[in-house]
Amino acid sequence: TYADRHAEAISVADRMVATGRNPGDAYYWRALNYARLKDDARAWDDVERAATLLANADVPKLAGIVAINRRDFAV
């Protein structure tokens, strides 16, 4: 993610989701990478999943960023 290799980071997150290992973190990081690639629909789906599995301040922050990118200001 921080090396701007978002497609590779998404692939790693996909493997984490498939194995069931840290699914909240996997969905969060995948959402972040989708957001950086401007794929806001997929980012939104994953940030919603992360919100049900992970409790930290980063998830709602990312949700807000993705909502603004989607022009969903009501969220």
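Go through the stretch 67-75 residue by residue and turn each phi into a ³J(HN,Hα) via Karplus (6.51, -1.76, 1.60, θ = phi - 60°); whole Hz please, and just put x for glycine and proline.
3J(HN,Hα) across the stretch 67-75, in whole Hz: 4, 5, 4, 7, 6, 9, 5, 5, 5.
Which one of Val59, Val17, Val47 has the biggest mean-square fluctuation once the chain is modelled by GNM with Cα springs under 10 Å?
Result for the chain, Cα springs under 10 Å: Val17 fluctuates most.
Among the trypsin sites (Lys or Arg not before Pro) in the chain, which ones are in a DSSP loop with at most 11 other Cβ atoms within 10 Å of the Cβ? Mind listing them?
Taking the chain and a limit of 11 other Cβ atoms within 10 Å, the loop trypsin sites (Lys or Arg not before Pro) found are Arg21, Lys38, Arg71.
Mean 1/r over all different Cα pairs, inverted: what Kirkwood radius does the chain give, in Å? Could you put the intermediate results ahead of the total?
Values: mean 1/r = 0.0831 Å⁻¹.
12.0 Å is the Kirkwood radius here.
Assuming R0 = 30 Å, can you tell me the calculated FRET efficiency for the pair Tyr2 and Asp45, based on Cβ-Cβ distance, to the nearest 0.05? If you can, show how the numbers build up before the last one.
Values: r = 23 Å, r/R0 = 0.76.
Result of the calculation: an efficiency of 0.85.
Provide the per residue accessible area, probe 1.4 Å, for the chain, rounded to a whole number of square angstrom. Write down the numbers at each step before the final one.
Details: 4790 Å² over 75 residues.
Solvent-accessible surface per residue comes out at 64 Å².
Largest first, what is the accessible-area ranking of Leu37, Leu62 with a 1.4 Å probe?
Working: Leu37 90, Leu62 10 Å².
Output order, biggest surface exposure first: Leu37, Leu62.
Could you give me the ³J(HN,Hα) list for the stretch 10-21, computed from phi with Karplus coefficients 6.51, -1.76, 1.60 and θ = phi - 60°, whole Hz, x at Gly and Pro?
Karplus-based 3J(HN,Hα) across the stretch 10-21 equals 5, 4, 5, 5, 4, 5, 5, 4, 4, 8, x, 8 Hz.
Which value at 222 nm does the chain reach when only helices count, each DSSP H run of 4 or more adding -39,500 (n - 2.57), with the total divided by all residues and rounded to the nearest 500 deg cm²/dmol? Kindly include the intermediate steps, with their values, before the conclusion.
Details: 4 runs with 54 residues, N = 75.
Taken over the chain, the calculation gives -23000 deg cm²/dmol.
Which longest run of the chain has no exposed loop site in it, a site being chymotrypsin sites (Phe, Trp or Tyr not before Pro) in a DSSP loop with at most 13 other beta carbons within 10 Å, and the site itself not part of the run?
Values: sites that count: Tyr2, Phe73.
Result for the longest clean stretch: 3-72.
The values are calculated or read from the model by the stated rules, or taken from the named source; none is laboratory data. Just so it is clear, the structure is predicted and the values come from calculations on it, not from any experiment. Quick reminder, even Gly has a Cβ in these numbers, built from the backbone with ideal geometry, and neighbours come from all protein chains shown. Side chains are part of the model used for accessible areas, which takes the heavy atoms of the whole protein and leaves out ligands, DNA and RNA. Shrake-Rupley method; radii C 1.70, N 1.55, O 1.52, S 1.80 Å.
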